[in-house]
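Worksheet: one structure, shown below.
The values are calculated or read from the model by the stated rules, or taken from the named source; none is laboratory data. Since the structure is predicted, the reported quantities are computational estimates derived from the model, not experimental observations. Positions of Cβ are backbone-derived with ideal geometry, glycine not excepted, and every protein chain shown enters the neighbour counts.
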Amino acid sequence: MLEQIKSAIPDQFEQLSLALMLGALGIILALVVHRIFFTILRRIARSSESEADNVVVAALARPTRWSMVALGVVLAARETPLLAEVWQRVAGFVMPALIGWIALAIMRALVKAMELKLDLQAEDNLSARRRQTRLTIFSRIATFLIIFVTIGLLLLSIPGVRDIGVTLMASAGLAALAVGAAAQPALKALIGGLQMALTEPIRIDDVVIIDGEWGKIEEIRTTYVVVKVWDERRLVVPMSKFLDESFQNWTRKSAELLGTVFLHLDPLADIGPIRTEFERQIKANPLWDKRVQVVQVTETTAQSIEVRLLMSAKDAPTLFDLRCNIREGMMAWIRENQPGAIAFSRVERLPEAAVIEGENPSD
């Protein structure tokens, strides 16, 4: 018996050495082939005028490198039973992980390539923002599905957990998504993301007012939305709030807005010269988009009148600056040219003699 063990040891050592040598050779050859192939691809991508080619090649470099390593091990395993047995044990984990990684890399590369074609800095960027929002939402949904399926395939390779893997894979069907949305938060968020992408209540860079805060949509995640508030704070809002509750979207159709400046003047103020001066200032201001300019007396009281200056601008930040400029300019003009138009409180003074004698001059 001892002699049989001693004679078997050299055979096992020889098989192990052969397996390691063939495995290392297969990995080296796979890496060399991958490097040559991607060197050619990078040169082709750099010679192309489109930046999207470089993005796709860069995204696929790492996952395909490891896939080539796995292919080299598979080819080497055909020549040695020991390596073939080891690969058979780990293949159930390695192959689904590599396939999921490659699918994820391809999806993200395509999304990034399409984003390069979007010009969010254009003055009229409504169409670009719409596409950006859809790409963001669909990419996150696709990421969730790819990871979900990959985990299910990994669980299928474990005999003791195979039933769990089958259950997860079965629940990925559309019917299960519709039925289990209310019970499973992840699937509910997935359906909410689809609803957000199709109905588009908000888009990337939309100006919204929610919970009394003014800000822009900065990120749209699977379960929440990040709103960048005007003072650089970030407001994290559940996605369900945009689907179930009301909020203000200032750029739903276009970014153009109307704004007002209110002047509280004396009832004896002469509105004609004020209207003329407002028209002069608004036409001279480069922030005005030349759509709307109106002067109206909107309220009167015993002490003052309310004059509304209505104006328009291309977007909310520009409108805010325009209102501040017009408010400052009009008040300066009124102080210099119509100081009597500034509202003040009137107090009727009694004659001094009447006050001393306690008489009422009205009697």
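The table below lists the values:
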quantity: Filtered residues of the range 261-297 (kept if over 39 Å from the mean Cα position of the chain (by Cα), among the aliphatic types (A, V, I, L, M) and part of a loop (DSSP other than H, G, I, E, B)); calculated: 268, 269
quantity: Pairs with Cβ under 9 Å, 6+ apart, first in the range 20-38 and more than 23 Å from residue 54 (Cβ to Cβ) and assigned by TED's automatic domain parsing to the domain that holds residue 64, second of a type in the set (D, E, K, R) and assigned to a helix (DSSP H, G or I); calculated: 30/65
quantity: Residue ID - surrounded by the most Cβ atoms within 10 Å (Cβ to Cβ), chosen from residues in the range 21-44 that are closer than 15 Å to residue 63 by Cβ and touching a Leu at 6+ places or on another chain (Cβ under 9 Å); calculated: 30
quantity: Residue 259 being touching a helix residue (DSSP H, G or I) at 6+ places or on another chain (Cβ under 7 Å), small (Gly, Ala, Ser) and closer than 30 Å to residue 329 by Cα; calculated: yes
quantity: Checking residue 240 against (1) within 30 Å of residue 201 (Cβ to Cβ); (2) touching a strand residue (DSSP E or B) at 6+ places or on another chain (Cβ under 6 Å), the condition it does not meet; calculated: (2)
quantity: Total residues in the range 78-112, condition more than 21 Å from residue 66 (Cα to Cα) and at pLDDT 80 or above; calculated: 2
quantity: Meets criteria (assigned to a strand (DSSP E or B), among the aliphatic types (A, V, I, L, M) and within 30 Å of residue 134 (Cα to Cα)) for residue 258; calculated: yes
quantity: Filter result (over 33 Å from the mean Cα position of the chain (by Cα) and aliphatic (A, V, I, L, M)) within the range 311-347; calculated: 326, 330, 331, 332, 334, 341, 342, 343, 347
quantity: Residue 123, sole failed condition from (1) assigned to a loop (DSSP other than H, G, I, E, B); (2) in contact with a Lys or Arg (Cβ under 8 Å, 6 or more places away or on another chain); (3) modelled with pLDDT of 70 or more; calculated: (3)
quantity: Residue satisfying all of: in the range 54-64; within 12 Å of residue 106 (Cα to Cα) and in contact with a helix residue (DSSP H, G or I) (Cβ under 7 Å, 6 or more places away or on another chain); surrounded by the fewest Cβ atoms within 10 Å (Cβ to Cβ) among these; calculated: 61
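So that you can scan it fast, the table gives a plain yes or no per residue for (1) surrounded by fewer than 14 Cβ atoms within 10 Å (Cβ to Cβ); (2) at pLDDT 85 or above; (3) over 23 Å from residue 312 (Cα atoms):
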{"site": "198", "(1), (2), (3)": "yes, no, yes"}
{"site": "207", "(1), (2), (3)": "no, yes, no"}
{"site": "216", "(1), (2), (3)": "no, yes, no"}
{"site": "221", "(1), (2), (3)": "no, no, yes"}
{"site": "235", "(1), (2), (3)": "no, yes, yes"}
{"site": "246", "(1), (2), (3)": "yes, yes, yes"}
{"site": "261", "(1), (2), (3)": "no, yes, no"}
{"site": "277", "(1), (2), (3)": "no, yes, no"}
{"site": "282", "(1), (2), (3)": "no, yes, no"}
